């Protein structure tokens, strides 16, 4: 399976990042977290695993002195 294009649902994003739902949406609103995408006419909201993992790597790099 190509994990670059794996879809994650909100609960999976929460588990992967340890962020709460409100934190995810607050950061998205500020442009500091990958935007969700609506599929199937917007009925399902997903994030791309690659984008979330890249965001996580950026957070680690930003905290390393």
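The values are calculated or read from the model by the stated rules, or taken from the named source; none is laboratory data. Every value quoted in this text rests on a predicted model; they were computed, and no experiment measured them. Every residue, glycine as well, gets a Cβ built from its backbone with ideal geometry; the counts of neighbours run over all protein chains shown.
Do any helices (runs of 4 or more DSSP H) lying entirely in the chain carry at least 1 residues that are surrounded by 10 or more Cβ atoms within 10 Å (Cβ to Cβ), modelled with pLDDT of 95 or more and touching a strand residue (DSSP E or B) at 6+ places or on another chain (Cβ under 8 Å), and which ones are they? Spell out the reasoning first.
Values: elements: 10-17, 21-29, 49-63.
Hits in the chain: 10-17, 49-63.
Just the residues that are on the phi > 0 side of the Ramachandran plot and in contact (Cβ under 8 Å) with a residue 40 or more places away in the chain, please, taken from segment 1-54. Answer for segment 1-54, where residues must be on the phi > 0 side of the Ramachandran plot and in contact (Cβ under 8 Å) with a residue 40 or more places away in the chain: there is none.
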